[in-house]
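Enquirer: Take this structure first; my questions come after.
The values are calculated or read from the model by the stated rules, or taken from the named source; none is laboratory data. Just so it is clear, the structure is predicted and the values come from calculations on it, not from any experiment. Note that we place each Cβ from the backbone using ideal geometry, even for glycine, and neighbour counts take in every protein chain shown. In case anyone asks, the SASA skips ligands and DNA or RNA and just uses the protein heavy atoms, side chains included. Shrake-Rupley method; radii C 1.70, N 1.55, O 1.52, S 1.80 Å.
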Amino acid sequence: MCLKRSYPPMPPHLSVNSNTPWAPGHRFRLWSTNHLFTLLIICYDMKNFKFRVKLSSSEPSNHHVKHSEFPDNDLLPYLFGEHNHYLKRIENVTDVDIIVRGNQVVIQGQKPRVSMALKALEKLYCRLEDGLIVSEAEVDAALRLELSPKTQSLCQKPDDAFKIKTVQRVITPRSHGQKIYIDALKKHRMTFGSGPAGTGKTYLAVAIGVSMLLSGRVEKIILSRPAVEAGERLGFLPGDLREKIDPYLRPLYDALYAMLPPEQVIKRLSAGEIEIAPLAFMRGRTLSNAYVIVDEAQNTSVAQMKMLLTRLGENSHMVVNGDLTQIDLPKGEISGLKHAIHVLRDIKDIAFVAFGTEDIARDPLVSKIVNAYEQHTPK
């Protein structure tokens, strides 16, 4: 151990009370091998004309240290990230210090924060053990799950209960709201999802639909959305009906190509196993043995929504998603999604999941943008 003279200001928790005859004098910092230090304070007692020595720890009373070991050294570069980038991300979000010693990790900070950081690291390590990738998005997701308020019944479920397996990838929830949503999709034949953009409503619904199609639980997937967006109408767009509709359905195509190889998407579209159609084409049909996903449902009228919901046939599932803050209907027209949530809320066989800004799985900047707009939007 070495004794080193230091002249920083007196830490607040070591400041001298004005009622005491003690006055601060020279201060020395005593460093130990584990980087935790103690202050050696030499003070002059003006009453008795003597020097006195005072030792005090610099650690706050709630300081906590946790050790954890990760056995597989080959996985550590993927766990820590390039130049320990993922560890730094965890440090910044949870406000802890992380020290790496071989395959051991030491986490220091306030006890709840240390626990959050360790649980996030352990979940990421389990992903790697299962053969899944860890990216910055997955790190943010692990932290988001640990920092969010939790429902006890969902916390007791193993993570495997929320995994969605498709040909291209294994999908896991990236927020607590997504856990609730996946749980609702697996348990209910009809689910309403509402909330801001970027919360994974469409992506997860398509993932569940593809999983059910591949397992033979349904015979087809039907993806639909109203062809109304930002004040535009189909007549203003060039091309035939399919060319007019495709731009509105692009998010659904993107989700499909993320779950299935391109050749399979094309093949299943041609065979009718995957059908993409505007909402108006649903009238008069009975949708049996199908997984139906309706996106941007906030832009449906009340009549369209009633027509859509009554298409549900035998062994079919329906997911209706939308963002009630982005309604593009003519002024004065009631959103079918908003009306349906109000009218159907007491039916126990229907699930309603409301996402918040804390569930946004895109870049963290998106959450800040959505929050800013919400604060400046008249209620």
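Enquirer: Please work out how much length the chain gains when fully extended from Glu275 to Lys186, using 0.36 nm per residue of separation minus the C-alpha to C-alpha distance, in nm with one decimal.
Expert: Gain on extension, Glu275 to Lys186, equals 29.9 nm.
Enquirer: Okay, moving on. May I ask you to evaluate 6.51 cos²θ - 1.76 cosθ + 1.60, the Karplus curve with θ = phi - 60°, for each residue of the stretch 213-223 and list the ³J(HN,Hα) values in order in whole Hz, giving x for glycine and proline?
Expert: 5, 5, 8, x, 6, 10, 9, 7, 10, 10, 10
Enquirer: Label points 7 Å out from Cα along the Cβ direction at His339 and His85: separation in nm?
Expert: With each label point 7 Å from Cα toward Cβ, the separation is 4.9 nm.
Enquirer: In what order, largest first, do Arg174, Arg283 sit by accessible area if the probe radius is 1.4 Å?
Expert: Of Arg174, Arg283, the descending order of accessible area is Arg283, Arg174.
Enquirer: By accessible area of protein heavy atoms, probe 1.4 Å, what ranking do His317, His64, His339, His83 get, highest first?
Expert: The ordering from most to least exposed comes out as His83, His339, His64, His317.
Enquirer: Enumerate the calculated ³J(HN,Hα) couplings along the stretch 83-97 in order (Karplus 6.51 cos²θ - 1.76 cosθ + 1.60, θ = phi - 60°), each rounded to whole Hz, writing x wherever the residue is Gly or Pro.
Expert: With coefficients 6.51, -1.76 and 1.60, one gets 6, 6, 4, 5, 5, 5, 4, 5, 4, 5, 6, 9, 6, 10, 10 Hz.
Enquirer: In what order, largest first, do Arg268, Arg113, Arg169 sit by accessible area if the probe radius is 1.4 Å?
Expert: Arg169, Arg113, Arg268
Enquirer: To the nearest 10 Å², what's Val167's accessible area with a 1.4 Å probe?
Expert: About 70 Å², ignoring ligands and nucleic acids.
Enquirer: Can you figure out the FRET efficiency of Asp328 with Glu129, using R₀ = 45 Å and their beta-carbon distance, to the nearest 0.05?
Expert: The computed FRET efficiency comes out at 0.50.
Enquirer: If I stretch the segment between Asp349 and Arg250 completely, what's the gain in nm (0.36 nm per residue apart, minus their alpha carbon distance), one decimal?
Expert: Separation in residues times 0.36 nm, less the Cα-Cα distance, equals 32.6 nm.
Enquirer: Separate question: Go through the stretch 329-344 residue by residue and turn each phi into a ³J(HN,Hα) via Karplus (6.51, -1.76, 1.60, θ = phi - 60°); whole Hz please, and just put x for glycine and proline.
Expert: Residue by residue, the stretch 329-344 yields 6, x, 4, x, 7, 7, 5, x, 5, 4, 5, 5, 4, 6, 6, 9 Hz.
Enquirer: Once amide H atoms are built 1.01 Å from N in the peptide plane, which residues 5 or more positions from Thr166, or in another chain, come under 5 Å H to H?
Expert: It is Ile171, by chain and number.
Enquirer: Quick one: which residues, 5+ away or cross-chain, put their amide H under 5 Å from the amide H of Leu324? H built at 1.01 Å from N.
Expert: Gly195
Enquirer: With respect to the cross-link table entries Lys66/Lys186; Lys179/Lys338; Lys88/Lys179, which display a Cα-Cα separation exceeding 30 Å?
Expert: Too far apart for the 30 Å limit: Lys66/Lys186.
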